[in-house]
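What follows is one structure encoded as structure tokens, with my remarks underneath.
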């Protein structure tokens, strides 16, 4: 029996890794971010802005918690439970809406883009796509 790689899980794990890196950098030294520093691309400017914390909680930590929760919801064992589909869809949609808001903040409030944050935002978008694909596959498949 061959096992297929679950794209949604891989995407959630990449998002988890990037968010973990950003969280560690937030609590240590954001100046160490491996990111080019220029007028438009400036991770340190984004991750140290007043917008990088919500109610005292770093946005990076919130992203980490989101991707860990989604990794659990899209694990192979969880995919065997169709009753979780609504939670997977809602979580992935919330991730994309949050990413869109954060991109708006980067572009129009901070005036800088963080490449690491962009990877996390893309992970949220790809995660939504893979979840939609898998759920629609399940619900549109002919009954056996």
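The values are calculated or read from the model by the stated rules, or taken from the named source; none is laboratory data. Since the structure is predicted, the reported quantities are computational estimates derived from the model, not experimental observations. Here the Cβ is made from the backbone with ideal geometry for all residues, glycine too, and neighbour counts use every protein chain on show.
Here is a yes/no grid of residues against (1) in contact (Cβ under 8 Å) with a residue 24 or more places away in the chain; (2) more than 26 Å from residue 50 (Cα to Cα):
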position: 64; (1), (2): yes, no
position: 72; (1), (2): no, yes
position: 85; (1), (2): yes, yes
position: 98; (1), (2): yes, no
position: 114; (1), (2): yes, no
position: 121; (1), (2): no, no
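Which members of segment 29-43 meet the condition of being in contact with a strand residue (DSSP E or B) (Cβ under 7 Å, 6 or more places away or on another chain) and modelled with pLDDT under 75?
Selection gives nothing.
Might you check whether a residue that is modelled with pLDDT of 95 or more, more than 16 Å from residue 18 (Cβ to Cβ) and out of contact with any helix residue (DSSP H, G or I) (no Cβ under 8 Å at 6 or more places or on another chain) occurs anywhere in segment 113-128?
no
Quick check, is residue 48 without any contact (Cβ under 8 Å) to a residue 24 or more places away in the chain and within 15 Å of residue 112 (Cβ to Cβ)? Steps first, answer last, please.
Working: without any contact (Cβ under 8 Å) to a residue 24 or more places away in the chain: yes; within 15 Å of residue 112 (Cβ to Cβ): yes.
It is true that residue 48 is without any contact (Cβ under 8 Å) to a residue 24 or more places away in the chain and within 15 Å of residue 112 (Cβ to Cβ).
Residue check: is residue 139 farther than 26 Å from residue 37 by Cα and either part of a helix (DSSP H, G or I) or touching a helix residue (DSSP H, G or I) at 6+ places or on another chain (Cβ under 6 Å) (or both)?
Numbers: farther than 26 Å from residue 37 by Cα: yes; either part of a helix (DSSP H, G or I) or touching a helix residue (DSSP H, G or I) at 6+ places or on another chain (Cβ under 6 Å) (or both): yes.
In short, yes.
Take the conditions in a helix (DSSP H, G or I) and either touching a residue at least 12 places away in the same chain (Cβ under 8 Å) or touching a strand residue (DSSP E or B) at 6+ places or on another chain (Cβ under 6 Å) (or both) and apply them to residue 105. Does it pass? First the steps, then the outcome.
Details: in a helix (DSSP H, G or I): yes; either touching a residue at least 12 places away in the same chain (Cβ under 8 Å) or touching a strand residue (DSSP E or B) at 6+ places or on another chain (Cβ under 6 Å) (or both): yes.
It is true that residue 105 is in a helix (DSSP H, G or I) and either touching a residue at least 12 places away in the same chain (Cβ under 8 Å) or touching a strand residue (DSSP E or B) at 6+ places or on another chain (Cβ under 6 Å) (or both).
On the given criteria, is residue 69 surrounded by fewer than 20 Cβ atoms within 10 Å (Cβ to Cβ), assigned to a helix (DSSP H, G or I), over 18 Å from the mean Cα position of the chain (by Cα) and modelled with pLDDT of 90 or more?
Details: surrounded by fewer than 20 Cβ atoms within 10 Å (Cβ to Cβ): yes; assigned to a helix (DSSP H, G or I): yes; over 18 Å from the mean Cα position of the chain (by Cα): no; modelled with pLDDT of 90 or more: yes.
So residue 69 does not fit the description; no.
Every residue in segment 36-50 that is surrounded by fewer than 20 Cβ atoms within 10 Å (Cβ to Cβ) and not in a helix (DSSP H, G or I), please.
36, 37, 38, 39, 40, 41, 48, 49 - these are the residues of segment 36-50 that are surrounded by fewer than 20 Cβ atoms within 10 Å (Cβ to Cβ) and not in a helix (DSSP H, G or I).
Can you tell me which residue within segment 51-66, out of those that are touching a helix residue (DSSP H, G or I) at 6+ places or on another chain (Cβ under 8 Å) and over 13 Å from residue 22 (Cα atoms), is surrounded by the fewest Cβ atoms within 10 Å (Cβ to Cβ)?
So, considering only residues that are touching a helix residue (DSSP H, G or I) at 6+ places or on another chain (Cβ under 8 Å) and over 13 Å from residue 22 (Cα atoms), the one surrounded by the fewest Cβ atoms within 10 Å (Cβ to Cβ) is 54.
In the list 13, 22, which residue meets the criterion of being in contact (Cβ under 8 Å) with a residue 40 or more places away in the chain and surrounded by fewer than 20 Cβ atoms within 10 Å (Cβ to Cβ)? Steps first, please.
Details: 22 fails: surrounded by fewer than 20 Cβ atoms within 10 Å (Cβ to Cβ).
Exactly one residue qualifies, and that residue is 13.
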